[in-house]
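Data block below; observations after.
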There are 2 protein chains.
Amino acid sequence: MASLGEKRSVIRDIFEYAKQRASQIGAENIFDFSIGNPSVPAPESVNRVIKELVDNTDSVTLHGYTSAQGDAGVRKTICDSINKRFGTSLTPDLIYMTAGAAASLTITLNALTVPGDEFIAFTPFFPEYRVFTEAAGASLVAVPSREKDFQIDFDALEAAITKNTKGIIINSPNNPSGVVLRAETIAALADFLRGKSSQFGHVIYLISDEPYRELVYDYIEVPYVMNYYDNSIVCYSYSKALSLPGERIGYIAVCDKAENCRHLYAAVCGAGRALGYVCAPSLFQRVAAICEGETADISVYKRNRDLLYGALTSYGFCCVKPDGAFYLFVKAAESDASAFCERAKKYELLLVPAESFGCPGFVRIAYCVKTETIERALAAFKKLAQEYGLQG
Amino acid sequence: MASLGEKRSVIRDIFEYAKQRASQIGAENIFDFSIGNPSVPAPESVNRVIKELVDNTDSVTLHGYTSAQGDAGVRKTICDSINKRFGTSLTPDLIYMTAGAAASLTITLNALTVPGDEFIAFTPFFPEYRVFTEAAGASLVAVPSREKDFQIDFDALEAAITKNTKGIIINSPNNPSGVVLRAETIAALADFLRGKSSQFGHVIYLISDEPYRELVYDYIEVPYVMNYYDNSIVCYSYSKALSLPGERIGYIAVCDKAENCRHLYAAVCGAGRALGYVCAPSLFQRVAAICEGETADISVYKRNRDLLYGALTSYGFCCVKPDGAFYLFVKAAESDASAFCERAKKYELLLVPAESFGCPGFVRIAYCVKTETIERALAAFKKLAQEYGLQG
């Protein structure tokens, strides 16, 4: 545990460097693309709803414990919204309110794991998946995605799956690639998992980590996994959709068609209890329910994506166009992505080498920044491309 | 995990019974003393501060991630307050903001535990201690307190401590007895633990779970463990002091004199990360810091205690006078506390048998209710005493 606490992540190291460098040359001269922190404010309704709740709700009720699963009215609102949007037939007693995406995942992993279990994630993936999986007592098996489009490589998956595989974690839109898994990919994955569940004689769960669901551009559809695969669990967070990552609010939805879904839901409740979660923050449970369906102004992210993707590819950088989230996943212009990031630093560009995401040779560029930061950074990216002799 | 989720606690069962019974005979005719939920509103400042923060703070900052340890300014305010009140010399980088008392405990237990470890708690204790300890991979050893005053029984402790003992958990004021461990008890415990640490050749930690610290009556002093024992960790929550248990806000304070305290603090950070806590809820971190030192109107609890303790002892019931918290811990009038609670139900009195607190033969009465509920319940308690032939 101490080494987990002491070993700062790469991203955190860059964050500290950025602070130090800003004090030397001014924050406006640093182009920090390292942190995935929403840069647009929460929708106006969030703060309005907070004040209305505070003014009009009995204090003991508003700030008191909710049931461990979450306030019943909150769960009904969210359940109705899911059913309406995705054509599912969930009931509120399959929704479990959580303290955000990380809690959704750790609770789900702890609910499912027995010793010896393996979970599969497709690279690139959020590095904390490994921390959460190992802390739950399971191991994480990394399976490379198809490099050309970051959809699932089923040959690689076939080679990696074993009788110990308890579940598959997907993340769409993906951090760090921004790629959305297509409906045909999810359908093929569902077929594959049904076959393997039957072959191994036990359920293999599909865990869908969806904090970026609402952040998609060009009307791309993000398939709802429950409509493809029964033994699925959705881990959701309002952090990115409503721009309130610090408030820690999200939920777990257990598919009503999952085998023995009541028992599965009970395991989720038990894991939440064992990890000390008690209940999700009560005021923000209500805020999330009232603001369900709204988003922060994500048009900024689309503008940033279009600007940055257009410019970088025109300079000769190579990357898949992201459908969503707020990351661009770029092939480093040399084989060592860390060396590439060091060279980028000369131009005050702070990028994250993607080794910890399971993809050596790539870098992540978080474009959840002010658009003017990108505009000013383009000249630096151009010089970096020229230094490597890239051709637009 | 499913059995943890499915097995409702005794308290939860009574809660459900109360709802059902209330629909039959009216809520005003039920005397529900089962739940430890603060019954007084948060101090007026809490809602005022929420609105001021929302109106005057940049949304991205207010609702954004703080550092994993908690906002630096928040930690400084809390650290200064601890140092001022208790004469300690902590630094803000030994404070770790948490999502309440349960999170403080689970994070601390996960930070310390290696396989084979044991933690000792003194009966009566909050039943979730066992759940949290076992989920962290350790085992819980229950040691009976002295029945006459619920201070520590050092002979019993001597008999229970082993070379596998990693730590001792204390809870003062205590849930469910309301008893405060006296300065001489803490001093003797510190001496004892120094001796045993030396004997076994490894540190034994003192974990002080203090959600009820501010809820004490008659100017009773609650000793600050760091002033008695170096290898100590304080687990705090604002739930009861500020009457906001649903908002999940508290902290862990690591003693600056603990052996290798930086490493210990890093383990706390690592455990918080592994359990998926990311950061404590950001708005309420700031609310807690601004309202640090305030409390809800706890005079209600004192009035309730005096009324209930006075009446029950005058009817012949036997209990230790609680110094704090909002519980009365009463010896059942027959050896089977569950049977006693069933008999109390005839008079619509809902009490909690204390077997799950490690004290068969006792019941817990949570007096965090309206004073008029107690006033109306007294006749029922009197009849119950008469049924058992108790003498005042």
Original post:
Would it be correct to say that A:Asp117 is touching a Lys or Arg at 6+ places or on another chain (Cβ under 6 Å) and over 30 Å from A:Cys318 (Cβ atoms)?
Top reply: yes
**OP:** With the condition kept exactly as written, say whether any residue in the range B:223-245 is open to solvent by 10 Å² or more (accessible area, probe 1.4 Å), out of contact with any helix residue (DSSP H, G or I) (no Cβ under 9 Å at 6 or more places or on another chain) and under 21 Å from B:Phe122 (Cβ atoms).
**Re:** no
Original post:
Any residue at all in the range B:370-390 that is within 24 Å of B:Asp218 (Cα to Cα) and in contact with a strand residue (DSSP E or B) (Cβ under 9 Å, 6 or more places away or on another chain)?
Top reply: yes
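So for the range B:72-90 (the condition being of a type in the set (Val, Ile, Thr) and modelled with pLDDT under 95), does at least one residue qualify? Explain how you work it out, then say what you get.
At the first step, the residues of the range B:72-90 found to be of a type in the set (Val, Ile, Thr) are B:74, B:77-78, B:82, B:88.
Keeping just the survivors that are modelled with pLDDT under 95 gives none.
No: the range B:72-90 contains no residue that is of a type in the set (Val, Ile, Thr) and modelled with pLDDT under 95.
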**OP:** Give the residues of the range B:195-211 that are open to solvent by 10 Å² or more (accessible area, probe 1.4 Å) and polar (S, T, N, Q), sorted by residue number.
**Re:** B:Ser197, B:Ser198, B:Gln199
Original post:
Mind checking whether some residue in the range A:188-201 is touching a Pro at 6+ places or on another chain (Cβ under 7 Å), outside any loop (DSSP other than H, G, I, E, B) and not basic (Lys, Arg)?
Top reply: no
**OP:** Please indicate, with yes or no, whether at least one residue in the range A:101-109 is open to solvent by 20 Å² or more (accessible area, probe 1.4 Å) and either hydroxyl-bearing (Ser, Thr, Tyr) or out of contact with any Pro (no Cβ under 7 Å at 6 or more places or on another chain) (or both).
**Re:** no
Original post:
Filtering the range A:241-270 down to residues that are under 22 Å from A:Met226 (Cα atoms) and of a type in the set (Gly, Ala, Ser), which residue is farthest from the chain's Cα centre (by Cα)?
Top reply: A:Ala266
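Which residue out of B:Ala385, B:Ala366 is closer than 21 Å to B:Tyr17 by Cα, touching a residue at least 24 places away in the same chain (Cβ under 8 Å) and open to solvent by less than 20 Å² (accessible area, probe 1.4 Å)? Give the derivation first.
Details: B:Ala385 fails: closer than 21 Å to B:Tyr17 by Cα.
Answer to the selection: B:Ala366.
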Original post:
Can you tell which of A:Ala68, A:Ala18, A:Ala101, A:Ala27 is at pLDDT below 95 and closer than 30 Å to A:Asp230 by Cα?
Top reply: A:Ala68
Original post:
If you take the residues in the range A:271-309 that are assigned to a helix (DSSP H, G or I) and open to solvent by 50 Å² or more (accessible area, probe 1.4 Å), which one is farthest from the other protein chains (Cβ to nearest Cβ)?
Top reply: A:Tyr309
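Specify which of the listed residues (B:Gly70, B:Gly5, B:Gly100, B:Gly87) is under 30 Å from B:Asn260 (Cα atoms) and touching a Lys or Arg at 6+ places or on another chain (Cβ under 8 Å).
Numbers: B:Gly70 fails: touching a Lys or Arg at 6+ places or on another chain (Cβ under 8 Å); B:Gly5 fails: under 30 Å from B:Asn260 (Cα atoms); B:Gly87 fails: touching a Lys or Arg at 6+ places or on another chain (Cβ under 8 Å).
Just a single option satisfies the conditions, and that option is B:Gly100.
Step by step: first the residues of the range B:25-59, then only those that are assigned to a helix (DSSP H, G or I), small (Gly, Ala, Ser) and open to solvent by 10 Å² or more (accessible area, probe 1.4 Å), then the one that is farthest from the other protein chains (Cβ to nearest Cβ). Which residue is that?
Step one: filter the range B:25-59 for residues assigned to a helix (DSSP H, G or I), giving B:25, B:27-29, B:44-56, B:59.
Filter again for small (Gly, Ala, Ser), leaving B:27, B:45, B:59.
Subset that is open to solvent by 10 Å² or more (accessible area, probe 1.4 Å): B:27, B:59.
Numbers: B:Ala27: 15, B:Ser59: 4 Å.
Taking the candidates together, the pick is B:Ala27.
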Original post:
Of all the residues that make up the range A:115-151, how many are free of Cβ contacts under 8 Å to residues at least 24 places away in the same chain, open to solvent by 40 Å² or more (accessible area, probe 1.4 Å) and within 14 Å of chain B (Cβ to nearest Cβ)?
Top reply: 3
Subject >> Subset of the range A:126-176 (residues that are among the aromatic types (Phe, Trp, Tyr) and either in contact with a strand residue (DSSP E or B) (Cβ under 7 Å, 6 or more places away or on another chain) or closer than 21 Å to A:Tyr212 by Cα (or both)) >> reply: A:Phe126, A:Tyr129, A:Phe132, A:Phe150
Subject >> In the range A:1-24, the residues that are within 14 Å of chain B (Cβ to nearest Cβ), aliphatic (A, V, I, L, M) and open to solvent by 50 Å² or more (accessible area, probe 1.4 Å) >> reply: A:Met1
**OP:** Can you run down the residue pairs with Cβ atoms below 9 Å, 6 or more apart or on separate chains, where the first is in the range B:172-196 and under 17 Å from B:Asn304 (Cα atoms) and the partner is assigned to a helix (DSSP H, G or I)?
**Re:** B:Asn175/B:Phe357; B:Pro176/B:Ala354; B:Pro176/B:Phe357; B:Ser177/B:Phe357; B:Gly178/B:Arg305
Original post:
Do we find that A:Glu214 is among the charged types (D, E, K, R), touching a residue at least 60 places away in the same chain (Cβ under 8 Å) and either in a loop (DSSP other than H, G, I, E, B) or open to solvent by less than 10 Å² (accessible area, probe 1.4 Å) (or both) in this structure?
Top reply: yes
**OP:** Could you list, in sequence order, all residues of the range B:369-382 that are of a type outside the set (Phe, Trp, Tyr), in a helix (DSSP H, G or I) and touching a residue at least 60 places away in the same chain (Cβ under 8 Å)?
**Re:** B:Thr371, B:Thr373, B:Ile374, B:Glu375, B:Arg376, B:Ala377, B:Leu378, B:Ala380, B:Lys382
Original post:
Can we say B:Lys257 is away from chain A (no Cβ under 12 Å) and either open to solvent by 20 Å² or more (accessible area, probe 1.4 Å) or acidic (Asp, Glu) (or both)?
Top reply: yes
Original post:
If you go through the range A:157-215 one residue at a time, how many are within 20 Å of A:Leu105 (Cα to Cα) and of a type in the set (S, T, N, Q)?
Top reply: 8
Subject >> Search result, residues across the range B:282-312 that are touching a strand residue (DSSP E or B) at 6+ places or on another chain (Cβ under 9 Å) and under 23 Å from A:Ala101 (Cβ atoms) >> reply: B:Gln285
**OP:** Pull up the range A:62-93, narrow it to residues that are in contact with a Pro (Cβ under 7 Å, 6 or more places away or on another chain) and either away from chain B (no Cβ under 14 Å) or among the basic types (Lys, Arg) (or both), then point me to the one that is surrounded by the fewest Cβ atoms within 10 Å (Cβ to Cβ).
**Re:** A:Lys76
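The values are calculated or read from the model by the stated rules, or taken from the named source; none is laboratory data. None of the values given here were measured: they were computed from a predicted structure. Methodologically, a virtual Cβ is constructed for each residue, glycine included, from the backbone with ideal geometry; neighbour enumeration extends over all protein chains shown. Note: areas computed on protein heavy atoms with side chains; ligands, DNA, RNA excluded. Shrake-Rupley method; radii C 1.70, N 1.55, O 1.52, S 1.80 Å.
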